[in-house]
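Worksheet for the structure shown next.
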Number of protein chains: 2
Amino acid sequence: MGRWEPDTPGRLAKAALDLYRERGYEQTTVAEIAGRAGLTERTFFRHYADKREVLFAGSALLQEAFVAAVTGAPASAGPMRAVAAGLDAAAKLFTGRREFARERHAVITANSDLLERELIKLATLSAAVLAALRDRGVPEPAATVTAEAGVAVFKAGFERWVAAEESRDLPELIRDTLDTLGAVVADGS
Amino acid sequence: MGRWEPDTPGRLAKAALDLYRERGYEQTTVAEIAGRAGLTERTFFRHYADKREVLFAGSALLQEAFVAAVTGAPASAGPMRAVAAGLDAAAKLFTGRREFARERHAVITANSDLLERELIKLATLSAAVLAALRDRGVPEPAATVTAEAGVAVFKAGFERWVAAEESRDLPELIRDTLDTLGAVVADGS
């Protein structure tokens, strides 16, 4: 194999995650991550701004898929149906990635710095979904409430998916979480 | 008036907010905040860990009121009704504080450091509400979904309350936001 290798960002992310689990996030340097992946620091910085960002490479793709599905939902669909389409499209991106997601989740929840970044990514996702709903003509407060609730469902469904005892796939768990929201809301009103 | 003054934390918070608005958050020092309030830096640090925390003095009280109401809701109440009681108790704490809340909101949304702290406080609130729901015997995933949705309603209702054109009070706006969630969820299922 020549110097060019496929999926450099993916190799860096895997190397970073392995090192964060072995030595801890704080104790790991960018040089060590690059070394573990058989790459240079310079290559690392071509793909990621810092050692935090390496765990959030998927956020932009997730947001794009979510927003595209909200935007592309039939004009007749209400805001929650459009968001359900977005949730499903986002969930399907994680097929085959459960082991990585589980390890990543364990590292993130153990570090307040990483947890902050995760919360910011979710808030950014919520703002993007809100913008997509507004573009569909959804008025306030329905647009904000639906965007926030949709991201809450994603977060709760994702947490179920990475739980050790869970075997159902992410799209199924997200649908089930959305149904649960429907049931608790109906019961509370 | 003697050296003792009532509501030292409140005076420090008001002085900090005024300075953040006049000069910007980054440019303001703890010494300046204390000076503006007619107090010493030492007094500042008896009440707040840093100049970020001065804007989040109310978070612990908000969480206590929210959780106490969830815990104290009738045993017959489902999770969303218990959370609705928590939302109402939390909203009532803000009576007479709208002007401060508006100015604070403007400062926070203009600064990523403060916005991060706000997101962490909301995540902490959600975790506390989740624990209170579990103590009531609410199973998963209903407990997580209800806690996340409840905090999403609080956030959306609060944003409506601090909007310039809005005159309804916070408890009313939170109730209306909860009703909106009920409507969009019913329409989407």
On average, how many beta carbons from a partner chain sit within 10 Å of the beta carbon of a residue in B:110-119? 2
In nm to one decimal, list the spacings between the B:G96 label point and its equivalents in the other copies, with label points set 7 Å along Cα to Cβ, shortest first. 6.2
Charge-dipole axis of chain A as Lys and Arg at +1 and Asp and Glu at -1 on Cβ define it, positive-most pick from A:H105, A:S76, A:V54: A:V54
As an exercise, use a Förster radius of 30 Å and the Cβ-Cβ distance of B:T40 and B:A101 to find the FRET efficiency, rounded to the nearest 0.05. 0.60
What net charge do the residues around B:G24 carry, taking every other residue with its C-beta under 15 Å from that of B:G24, with Lys and Arg at +1 and Asp and Glu at -1? 0
Take each of the peptides B:21-34, B:141-154, average the number of other beta-carbon atoms within 10 Å over its residues, and list them starting from the highest. B:141-154, B:21-34
Placing unit charges on C-beta atoms (Lys and Arg positive, Asp and Glu negative, everything else neutral), compute the dipole magnitude of chain B about its Cα centre in debye, rounded to 20. 500 debye
What residue among B:G157, B:G58, B:G86 shows peak mean-square fluctuation when chain B is described by a Gaussian network model with Cα springs under 10 Å? B:G58
In nm, what does the list of distances from A:Q27 to its counterparts in the other copies look like, shortest first, when each label sits 7 Å along Cα to Cβ? 4.4
Could you point to the residue in B:L170, B:A13, B:A128 farthest towards the positive end of chain B's charge dipole, with +1 and -1 charges on the Cβ of Lys/Arg and Asp/Glu respectively? B:A13
What net charge is computed for the residues neighbouring B:K121, neighbours being all others with C-beta under 14 Å from the C-beta of B:K121, Lys and Arg scored +1, Asp and Glu -1? -2
Using a cut-off of 12 Å between beta-carbons, work out the net charge of the residues near A:R81 (Lys and Arg +1, Asp and Glu -1, A:R81 not included). -1
Checking the a/c ratio against 1.5 first, then a/b against b/c, what shape does the Cα gyration tensor give for the protein assembly as shown? oblate
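No value in this document is a laboratory result; all are computed from the given coordinates. Bear in mind the structure is a predicted one, so any value in this text is a computation, not a measurement. Cβ coordinates were reconstructed from backbone atoms using ideal geometry, including for glycine residues, and neighbour counts include every protein chain displayed.
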